[in-house]
Amino acid sequence: MGMFKRAVLSVTRRRGKTLLLFAFLLVMATFVLTGLSIWRASEIAQRDLRQRLGGKFAIQVDWDSSPYVVNEVIMENVVDEETGKQSTAYLIYSTVQLLPEDIAAIKAIPGVKYCSARQEHLAPVEELSLFPGTIAVEEKLRRQTKVYGVCGTEEDELFTSGVLTLTEGRHISGGDIHTAVISRDLAERNELNIGDYITAHSYCQADDSYTGQEIRIQIVGLFTPEEIEQFHETIPTYDKIQNRVFVDLQTANDLAGDAHRHGRGFDVLQITVDDPQDMDRIIDAVRRLPDMDWAAFTIDTDSSAYESAAAPLAALSTLVVILLAVIIAVSVTVLALLLTLWTKTRIHEIGVLLSVGIRKSSVIGQHLVEVLLIAALAFGLSYFTSSAMAGQVGDRLVKGYMQAEEETGENVAAAAVDFGADALSTAPLPAEKGIQVSVALDSFALLCLIGAAIISAAVSVSSVTVMRLKPREILSKMS
């Protein structure tokens, strides 16, 4: 009689022991499979967070140590008309800046998601009647607004964070010259449309005014802010989100006039990566770019938004791994003890099988097949019991995950404000459906592998005490 047939007959004949072993294996498989499902769900949630939030680092001029930083006196012994005090005006700039070709090289690095850089100017723009602020400022400033010079608006952080959304026309791209993107509200207030032109003048340092070369700028896109400032907020005219104007880098340089004679690039570049776990690799790749002069720049990393949001998920993943290790260790111990007791009650059967010439390995194999037959049914049923348990666990995890989502939204909003949203209230990121804990086929396959390993270890341990004896010794014990 073959080993498999003997195993089937043994399982069907010992119904009480079979049911007991089946119940134990079902409970073990349910806990292991539920743990695997929770671990898998937490890993997926962390991956989704990494992809959605990314990580950030900034390359910026090293104002403290760079040999290219110049502190230039532009106006000396200036007398304040009201106080009569004298002061000196300085212009601090770096002769080495981040250029569009540097940004293009960084964007080509695998894992880089966005590169956002701006020049910022406070300048008047003709044809624009601005929305008034809530703070009284001098007449000159009431006619000025913030003009941002960018390589492209599509990757600017105000757009990628959702603070601003392009609703008509197109984004500014790297090859544009004398183009602008303004707010839809500002366009409607001034009866402007896509394709219309607005006028500005370059800055003249001699008389501290924008009275230089005329610059004709074409409107190519309109944006809509997620939120606008409320009436009770204190904000000057030039800081209102509806008044801001985005222009291409060439236009910004023309607008700066002789104030930017020493630099035509950017002082700061904000880089967002797809996965915060790749941050070190990407920074290392950036440092190895051949055309970057690192005597002029420094790198500052920021993955706080992801780290704070992922902390509870990482803790959950670690806890689940520990629990799985405990469950597996306890399962091996209990199953080995149970099978050892049963093996001792089968000394007569083992002695007979060995006396008729059946090898010990075949006897051990029979015991292994017996447990595996019962386990196959228990593991199959555990798919349904674990699905029910995983659903209940998932509902409990949603609350903690949603709280992490809210904290994440606050962190991202704060980052957007720090970078340029100023006093604007940024809406948090939309909450997802929480942690979706379900039993997947890959988790079930992993359960089968773990279960087979547990059973093999337990059968091996339980067989040692008897299988090390010779057939004559086993028969003598029987008598």
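The values are calculated or read from the model by the stated rules, or taken from the named source; none is laboratory data. Just so it is clear, the model here is predicted, and its values are computed rather than measured. Cβ: placed from backbone, ideal geometry, glycine included. Neighbour counts: every protein chain shown. Heavy atoms of the whole protein, side chains included, go into the accessibility calculation; ligands, DNA and RNA do not. Shrake-Rupley method; radii C 1.70, N 1.55, O 1.52, S 1.80 Å.
Below, the figures for the structure above:
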| quantity | calculated |
| --- | --- |
| Using θ = phi - 60° and Karplus 6.51 cos²θ - 1.76 cosθ + 1.60, couplings along region 116-131 (whole Hz; Gly, Pro as x) | 10, 9, 9, 9, 10, 10, 9, 8, x, 10, 5, 6, 10, 8, 7, 6 |
| In sequence order, calculated HN-Hα J values of region 264-273 (Karplus, 6.51, -1.76, 1.60; Hz; x Gly/Pro) | 10, x, 10, 8, 9, 10, 9, 10, 10, 9 |
| Probe 1.4 Å, accessible area per residue of region 155-204, Å² | 42 |
| Charge sum, other residues only, whose C-beta stays under 11 Å from Asp196's C-beta, Lys/Arg counted +1 and Asp/Glu -1 | -1 |
| For Cys151, solvent-accessible area (1.4 Å; no DNA, RNA or ligand), Å² | 40 |
| Surface share of carbon and sulfur [accessible, 1.4 angstrom probe, percent] for region 93-244 | 49 |
| 5 angstrom amide H check on Gly221, placed H, neighbours 5+ away | Arg170, Ala180, Ile182 |
| For Thr298, solvent-accessible area (1.4 Å; no DNA, RNA or ligand), Å² | 50 |
| Long-range amide H partners of Leu164 with built H, under 5 Å | Phe159, Glu226 |
| Phi to ³J(HN,Hα) by Karplus 6.51 cos²θ - 1.76 cosθ + 1.60 over region 23-38, Hz, x for Gly, Pro | 4, 5, 5, 5, 4, 4, 5, 5, 5, 5, 5, 5, x, 4, 5, 5 |
| Entries in Lys56/Lys140; Lys113/Lys140; Lys5/Lys344 that, when Cα-Cα distance is taken, lie over 32 Å | Lys56/Lys140; Lys113/Lys140 |
